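Asks: What follows is a single structure, and I will ask about it in a moment.
Throughout, read-outs are computed from the coordinates displayed, never taken from laboratory work. Note that the structure is predicted; figures quoted are calculated from it, not measured. Because the Cβ atoms are built from the backbone with ideal geometry, glycine has one as well, and the counts that use them run over all protein chains shown.
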Amino acid sequence: MPAERPLRVADASVIVHPDAESASKDAADRIERIVADAVAARGKAVLGMATGATPEKVYGLLAARVAAGALSLRDATTYNLDEYYPIQPLDPLSYRSYMHRHLFGRVDLAANRAHILDGTVPEHAAAEHAAQFDRWIEADGGLDLQLLGIGRNGHIGFNEPSDLPVDEFAALPTRLVDLHPITVADAVREFGSPEAVIPRALTMGVRAILAARSIIMLATGAKKAPIVAQALKGPITAAVPASVLRTVADRVVWILDEPAAADLG
Ligand code: PGA
């Protein structure tokens with residue numbers, strides 16, 4: 001099997017793997033090391049989690065390691081990037097359900113340390129709930145890790161493309177947002193039709209994401225190649241949210257498979 005190849009794209013550190021399996025194993029290995037280092041240093045690990053198709057293999061690997069006794073998440077706390085709004089936690093399409101299926105229901109993580117924005121809060125309380133989520137992360141000492149995927153429009157979490165200046169975009173708090181048309185189109189895969197897609201969501205803000213002590217951006221598959229190249233080689237702009245990760249490049253690693261890296265040149 002061909003080896004992974006490290007790349008420097010401008011200031012970004014990028015690792016290209018032959019396939020999604022090897023990229024996912026790299027991400028799982030790094031998460032395991034971050035947990036071990038944080039628990040050794042502070043007695044706990046605070047992990048920002050992502051949903052979507054991309055991280056499923058990573059969670060499968062982590063769950064298998066916990067089942068085998070090679071890893072424990074007993075000292076971990078997690079904060080997920082986002083949740084549809086409004087949605088019931090038991091709805092199979094909720095990210096609470098996704099995380100239960102792929103990780104929480106399979107590992108030794110305490111139920112009161114696996115935090116996901118609540119798609120059932122009353123609308124008048126959504127802003128306060130979002131602000132509270134940011135305060136919980138801060139009270140936990142900030143994120144040791146944020147795992148990210150990238151949307152075809154460059155979104156991170158549900159921080160969608162924006163015309164804000166970069167510094168204002170980078171300061172965005174956790175909040176209720178409208179989904180971008182490309183995000184809605186991609187969600188048809190789960191929801192069945194465009195009309196069925198829940199068009200709003202609560203998302204962790206760009207500020208909390210960029211403040212993470214370590215960020216893993218995982219992108220696999222040919223569909224991500226154009227946006228990965230734009231985010232890494234185009235201008236740093238809120239119009240391509242993931243490009244803003246280059247403002248904290250020393251804390252970010254991009255883990256790609258060859259198809260996702262195809263447009264990097
Ligand atoms: P995907 O989503 O893993 O399902 O492609 C990525 C994202 O939108 O962040």
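Asks: Given the structure, is L117 within 16 Å of the ligand (Cβ to nearest atom) and either without any contact (Cβ under 8 Å) to a residue 24 or more places away in the chain or not in a helix (DSSP H, G or I) (or both)?
Replies: The answer is yes for L117.
Asks: Starting from residues that are surrounded by 12 or more Cβ atoms within 10 Å (Cβ to Cβ) and of a type in the set (D, E), keep the ones in the stretch 179-196 and report whichever is farthest from the ligand (Cβ to nearest atom).
Replies: Selected residue: E190.
Asks: Could you figure out which of (1) outside any helix (DSSP H, G or I); (2) within 16 Å of the ligand (Cβ to nearest atom); (3) of a type in the set (D, E) isn't true of D91?
Replies: (2)
Asks: Here is a check on your reading of the model: is I15 under 23 Å from L176 (Cβ atoms), of a type in the set (V, I, T) and touching a residue at least 24 places away in the same chain (Cβ under 8 Å)?
Replies: For I15, the condition - under 23 Å from L176 (Cβ atoms), of a type in the set (V, I, T) and touching a residue at least 24 places away in the same chain (Cβ under 8 Å) - is not met.
Asks: Considering each of A53, A41 in turn, give the residue that is assigned to a loop (DSSP other than H, G, I, E, B), loosely packed, with under 15 Cβ neighbours inside 10 Å and either among the aliphatic types (A, V, I, L, M) or within 16 Å of the ligand (Cβ to nearest atom) (or both).
Replies: A53
Asks: Looking at (1) within 16 Å of the ligand (Cβ to nearest atom); (2) over 19 Å from I215 (Cβ atoms); (3) part of a helix (DSSP H, G or I), which is the one condition that is false for V66?
Replies: (1)
Asks: Next question. Give me the pairs: first residue in the stretch 46-59 and closer than 17 Å to R74 by Cβ, second residue within 7 Å of the ligand (Cβ to nearest atom) and not charged (D, E, K, R), beta-carbon distance under 8 Å, and six or more apart or on different chains, which are they?
Replies: M49/P55
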